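Report on the structure given below.
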Amino acid sequence: MKMKSLPVLSLLGRDGVGKTALVTQLTKQEFSLFYEPTIEQKLTIQKDKIPVYQIYDTAGRAEFDSLRQEYIDHSDFILLVFAVTCSDTYQYVSELCDQIQLRKPSTPIMIVGTKIDLKNRQVSQEEGHALASRMKCDYMEVSAKNPTEIISVFDKLYDSFIASQTTESKGTPILRRKNSFKHKLKKLLM
Ligand SMILES: Nc1nc2c(ncn2[C@@H]2O[C@H](COP(=O)(O)OP(=O)(O)OP(=O)(O)O)[C@@H](O)[C@H]2O)c(=O)[nH]1
Ligand SMILES: [Mg+2]
């Protein structure tokens, strides 16, 4: 029997911003200052012991940039991560936003600024919100040391993914337009 594949959430953002730290906090309730660059990590997330989605924790290093488009194309929803302590990582997320808008504008996304526990901030909260408002998505700032904040990031994003699915199944805009046309026609014929 062919199993229905789970929706895929990809975490994208430059190396060292804390993508793996977020995933580790979500799945193991742990934080470590040890840094090991990721090549790719795939995990299944369960709710009430039922697998609900898959996480692709990706490599942020520039040498893997050629894979980025593939991740965007194969994701059902996306978490864009930058560190508030490094403006280059914010700039990179802004470029990813352009790519998503160009290729898959309807993908549910969320933008997260990490490392707010550190003193040397380079990206303001306003800049984070500005990017999110351009993308019409949520923006949250977190420290990967704080489990409650991390759980709420993933829950909020998953909820917006589910909401987007429900909207789609209620009817595409074309279908709704057709229905309203039928309604107008019926009124005219009465
Ligand atoms: N203080 C602080 N350190 C963090 C935070 N998030 C991540 N770090 C640290 O930053 C370093 C890099 O974190 P990772 O999660 O491995 O970064 P990544 O984005 O997965 O990097 P790649 O796998 O190379 O793409 C590690 O030493 C983490 O402990 C945070 O919110 N606060
Ligand atoms: Mg990593």
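FYI, it's all coordinate maths here, none of it is from the lab. On a predicted model such as this, the values are computed, not experimentally measured, just so you know. Quick reminder, even Gly has a Cβ in these numbers, built from the backbone with ideal geometry, and neighbours come from all protein chains shown.
Taking the Cβ of D73 as the centre, find all other residues whose Cβ is under 14 Å away and add up their charges (Lys, Arg: +1; Asp, Glu: -1).
On the way: positive: R68, R103, K104; negative: E70, D76.
Counting the neighbours of D73, the net charge comes to +1.
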In range of the label at R134: residues from segment 76-112 whose backbone nitrogen is under 13 Å from the point 7 Å along Cα→Cβ: 90-102
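Looking only at the chain, where both bridge partners belong to it, what percent of the DSSP beta bridges are antiparallel (to the nearest 5)? Can you show the working numbers first?
Values: 8 of 26 bridges.
Of the beta bridges lying entirely in the chain, close to 30 percent run antiparallel.
What stretch of the chain, leaving out the sites themselves, is the longest with no chymotrypsin sites (Phe, Trp or Tyr not before Pro) in a DSSP loop having at most 14 other Cβ atoms within 10 Å?
On the way: sites that count: F34, Y35.
Answer - 36-190.
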GNM result for the chain, Cα springs below 10 Å: residue of D57, D98, D138 fluctuating most strongly: D98
Pairs of lysine residues in segment 51-167 - Cα separation under 18 Å, sequence separation of 8 or more or cross-chain: 4
Helix-only CD estimate at 222 nm, as mean residue ellipticity for the chain, using -39500 (n - 2.57) per DSSP H run (n ≥ 4): -14500 deg cm²/dmol
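Between T148 and Q101, what FRET efficiency follows from the Cβ-Cβ distance if R0 is 35 Å, with the result rounded to 0.05? All intermediate terms of the calculation are to be shown ahead of the outcome.
Working: r = 31 Å, r/R0 = 0.89.
For T148 and Q101, the calculated efficiency is 0.65.
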Centre separation in Å (Cα based) which lies between segment 64-81 and segment 90-164: 14
With Cα atoms, 0 to 90° folded angle of helix 19-28 axis to the chain main axis: 80
³J(HN,Hα) computed for each position of segment 58-74 - Karplus, 6.51 cos²θ - 1.76 cosθ + 1.60, integer Hz, glycine/proline x: 9, 8, x, 5, 4, 5, 9, 4, 5, 7, 4, 4, 4, 4, 4, 5, 9
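Tell me, what is the percent relative contact order of the chain, built from C-alpha pairs under 8 Å that lie six or more residues apart? Each step should come with its number before you reach the end.
Working: 272 pairs, mean separation 41.1, N = 190.
It rounds to 22 percent for the chain.
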Candidates L43, L22, L33: whichever shows maximal mean-square fluctuation once the chain is modelled as a Gaussian network with Cα springs under 10 Å: L33
Neighbour-count ranking [beta-carbon atoms within 10 angstrom, fewest first] of M110, M140: M140, M110
Point-to-point label distance, H74-S5, nm (Cα→Cβ direction, 7 Å offset): 0.7
Most mobile of K19, K28, K42 in a GNM of the chain (Cα contacts under 10 Å): K28
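Mind sorting V153, V52 by how few other Cβ atoms lie within 10 Å of their own Cβ, fewest first?
On the way: V153 22, V52 14.
Ascending Cβ contact count within 10 Å gives the list V52, V153.
How big is the shadow of the Cα convex hull of segment 8-189, averaged over all directions, in nm²? Can you show the working numbers first?
Working: hull surface 50.2 nm².
Over all viewing directions, segment 8-189 projects a mean Cα-hull area of 12.6 nm².
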